[in-house]
Amino acid sequence: MNAASEEELSVLKSIFNEDFVLLSNDDELPIFDLIIRFDFLPNKTILIHQLSNISTEISHLPPITLRLTYKQTYPQIDPPIYCILCDYLTSDQLTFLTNQIDAKWQSGEVIVYTWIELLKEYVYSLSDRLILCSTLSSITDKRFETNYDKIGSKRIYEQLIEYNRMQDQHEFDQNIHTCPICLQDEDAKNCLQFEKCHHYACLSCLNSHAKQCLNNNHQIKQINCYDCNSTLFLSELRRMFSDDKLLLKYQQRLLEQTVDMVWCPRCNHSIICIPSESTSGNHSSFAECSHCEFTFCRRCQECWHPQLECPKQKLFEKLMQDPKDESTFRNPIEIKKLLLEISNIQTIERCSKPCPACTVRIEKNGGCQHMHCRACQVHFCWECGWYGRAYVPHPCERKPEKAGAILTPELNEQVARVFYDSSGKAIETDIAKRVQLCPKKDCREAHVKIGTKNSLFCGKCETNFCFVCGEQIYGNFHFSEYGCSLLTKI
């Protein structure tokens, strides 16, 4: 190497320090990497995944590596050989960037630092929005290396969000913070910053807040951010409670008053979802899997996108209004999936009612009209909605007590097929042992026996009949020492 290139190499080592990685010790032709970091973007970048139409804001981007090989003729005649290593820029973007880098070369002048500034300027020019789209590029260029097509735009979107989260947390951990609740200065390790809204407080105050919510004797509410009411991640709740037993108790109480359940699209585990009271962003559709910690949108089952309305929400509403309009979707599987979701919602509404005091949904599968809400301890009438602290006689058209649960019409048809095979022979199964059909020929409604009582009542045709013999009950002598037993076990 000549004096000019040696001086440039020495300056680069002093500037980049640990981000200068020497790959070859050959003094004549040194090969080294320069790690160019973008931890502090001048403005927040809107990261957009084009295919899913989801977006979020980020303040940090992963570093880009510039690999350089000096030539003996550099800088008098030839530029150094370079290669840009970046996985979140497409081949087209990197081709455009490398063409600009080549245009900057002038013989007789050192060029590396000029290339670095040009690369930074290009990345900062993307600060308004970085759009990730699906591409299948066939470009092969020795001036850059990228795994964009192999990783896929969706996975890159998730990786960039995770990197931004880690950098935000690292930045937060470097400072002393004043708790906005108790106004005490605390080290970062004794504080918790919420990832979605970036509000923070000391763990002592947050722990007191969590315990106060848990000790509420009335309906428990989901614990959200104390300032903006944004939903929290499970890992944040775990640090707030600082006790897994308390966290489990909190989750159990929420389970008692839950109104929704979804399945994780990544690991297929069930997830309990509580409606968010947040009025900011799109937090009402947020869901986090407690098993694989994947965060996703409950409406479209895609990666969580807080800044945008779910792209499938309007399509869902249109389908609700006109289920037969298949022009809304091109994929028939998607149509069936959304119709199934609508059907599930209608089933929940048909088989359960909200408590008139606290609105927690309660399922009734048999028995009298007297209901007791475990969430708020209120007693109410299933038939007319009357409620109070104790159940007392009130004006109401009360129906006779049921000893079984009536099935839906769809299940009714399935159960009827269980009793007899194609030859008409009765099938003895565990299901058939617990189910009895109404004896009325024009009814034949299926009923499930609950408990030991053999007196069943058909709410469809208002007929009392016996579970043991399947006959209609007349008078008070059907259940006697000469007839059927009133109480038997299955």
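The values are calculated or read from the model by the stated rules, or taken from the named source; none is laboratory data. As the structure is a prediction and not an experimental result, all values here were calculated from the model. Here Cβ is always computed from backbone atoms with ideal geometry, including for glycine, and neighbour counts include all displayed protein chains. Calculation scope for accessible area: heavy atoms of the full protein, side chains included, ligands and nucleic acids excluded. Shrake-Rupley method; radii C 1.70, N 1.55, O 1.52, S 1.80 Å.
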Just one of Asn207, Asn216, Asn224 is farther than 24 Å from Cys292 by Cβ and open to solvent by less than 50 Å² (accessible area, probe 1.4 Å); which is it?
-> Asn207
Inspect segment 95-112 for any residue being closer than 22 Å to Ile31 by Cβ and part of a strand (DSSP E or B) and give the result as yes or no.
-> no
Within the group Lys150, Lys154, which residue is among the basic types (Lys, Arg) and either within 30 Å of Arg253 (Cβ to Cβ) or touching a residue at least 12 places away in the same chain (Cβ under 8 Å) (or both)?
-> Lys154
Would you tally the residues in segment 173-223 being part of a loop (DSSP other than H, G, I, E, B) and either in contact with a His (Cβ under 6 Å, 6 or more places away or on another chain) or within 30 Å of Arg389 (Cα to Cα) (or both)?
-> 9
Mind listing just one residue for me: the one in segment 12-68 that is among the aromatic types (Phe, Trp, Tyr) and closer than 30 Å to Cys133 by Cα and, of those, most open to solvent (accessible area, probe 1.4 Å)?
-> Phe40
Filter segment 123-155 for residues that are basic (Lys, Arg) and open to solvent by less than 70 Å² (accessible area, probe 1.4 Å); the one that is nearest to Asp33 (Cα to Cα) is Arg143
Check segment 83-92 and report whether any residue there is touching a Phe, Trp or Tyr at 6+ places or on another chain (Cβ under 8 Å) and assigned to a helix (DSSP H, G or I).
-> yes
Within segment 446-466, track down each residue that is among the β-branched types (Val, Ile, Thr) and more than 41 Å from the chain's Cα centre (by Cα).
-> Thr452, Thr463
Taking segment 473-485 as the region of interest, how many residues are loosely packed, with under 15 Cβ neighbours inside 10 Å and at pLDDT 80 or above?
-> 1
For Cys86, all conditions in the list (1) over 21 Å from Ile46 (Cβ atoms); (2) modelled with pLDDT of 90 or more hold save one; what is the number of the exception?
-> (1)
